[in-house]
Amino acid sequence: MPKITIEPATADRFDDAEHALTGGGDGRSCQCQWWMITNAEFQKLSTDERERLLQRELDAGPPPALIAYADGDAAGWVRVGPRVPQVRIARTREIAGATAQALDDPSVWSVSCFVVRKEHRGLGLTTALLEAAIAHARKGKARVIEAYPIDPTAAKHSSNELYRGVLSVFLAAGFTEVARTKPDRAIVQLELR
């Protein structure tokens with residue numbers, strides 16, 4: 001079993017962030033910008049432009065995500081941070097209409113995106129990243145963490161579609177399901193204070 005460590009996605013770790021994002025799924029083309037900009041903006045930008053947005057985000061700080069390392073190799077990624085800057089969340093009807101948390105509340109954080117490189121799947125990295133995300137949110141004074149995982153027991157999904165996370169992982173970490181927006185999509189929350 002490799003040694004797993006998790007570090008903040010800071011400017012000096014940009015190359016590691018890129019490595020983690022490009023090993024499976026849509027991470028390479030998305031650059032973890034899906035939740036950060038409107039759909040019109042997302043569709044208009046090239047992959048290189050999205051990469052520059054991510055670079056600027058890491059340069060400006062605070063870290064918008066965490067990177068998991070397996071024996072030093074950047075193996076996974078989780079976006080965790082205040083929900084307000086993740087503008088697409090408030091514009092997604094299934095989420096905005098079902099959350100009990102005010103959409104403009106800066107004390108509500110979101111765990112909105114996971115990427116695990118194909119060669120590192122099966123190591124429990126999603127669970128480790130979620131545990132680290134909870135600790136990161138506590139340190140950042142979040143009041144509530146919200147997430148929008150998929151329930152693969154309700155409908156079949158490709159591994160690429162699981163970027164929101166899997167419901168069972170969140171429930172095992174102590175989150176509570178607060179809404180079911182579709183048979184296979186949930187909203188979960190964890191109260192931190």
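The values are calculated or read from the model by the stated rules, or taken from the named source; none is laboratory data. Fair warning: this is a prediction, and the values are worked out from it, not measured in the lab. We place every Cβ from the backbone using ideal geometry, glycine too, and count neighbours over all the protein chains shown.
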Next item on the list: Report, by residue number, each residue of segment 63-80 that is surrounded by 12 or more Cβ atoms within 10 Å (Cβ to Cβ) and outside any strand (DSSP E or B).
Entry: Pro63, Pro64
Checklist line | Selection within segment 95-109 - farther than 14 Å from Gly81 by Cα and either in contact with a Cys (Cβ under 9 Å, 6 or more places away or on another chain) or outside any loop (DSSP other than H, G, I, E, B) (or both) | finding: Ile95, Ala96
Next item on the list: Out of Ala132, Ala155, report the one residue that is surrounded by 15 or more Cβ atoms within 10 Å (Cβ to Cβ) and touching a residue at least 12 places away in the same chain (Cβ under 8 Å).
Entry: Ala132
Notebook entry, point to check: Quick one: is Val144 under 24 Å from Ala68 (Cα atoms), touching a residue at least 12 places away in the same chain (Cβ under 8 Å), surrounded by 17 or more Cβ atoms within 10 Å (Cβ to Cβ) and touching an Asp or Glu at 6+ places or on another chain (Cβ under 8 Å)?
Noted result: yes
Note to self: Please verify whether Ala60 is closer than 24 Å to Val188 by Cβ and loosely packed, with under 13 Cβ neighbours inside 10 Å, treating the condition exactly as stated.
What the structure shows: no
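The rows are residues; the columns are (1) at pLDDT 95 or above; (2) more than 14 Å from the chain's Cα centre (by Cα); (3) among the aliphatic types (A, V, I, L, M).
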{"position": "Pro2", "(1), (2), (3)": "no, yes, no"}
{"position": "Gly23", "(1), (2), (3)": "no, yes, no"}
{"position": "Trp35", "(1), (2), (3)": "yes, no, no"}
{"position": "Ser46", "(1), (2), (3)": "yes, yes, no"}
{"position": "Leu58", "(1), (2), (3)": "yes, yes, yes"}
{"position": "Arg79", "(1), (2), (3)": "yes, no, no"}
Notebook entry, point to check: When residues of segment 170-186 are filtered for being among the hydrophobic types (A, V, I, L, M, F, W, C), without any contact (Cβ under 8 Å) to a residue 60 or more places away in the chain and surrounded by fewer than 20 Cβ atoms within 10 Å (Cβ to Cβ), how many remain?
Noted result: 3
Notebook entry, point to check: Among the residues of segment 164-181, is there at least one that is in contact with a strand residue (DSSP E or B) (Cβ under 8 Å, 6 or more places away or on another chain) and within 22 Å of Leu53 (Cβ to Cβ)?
Noted result: yes
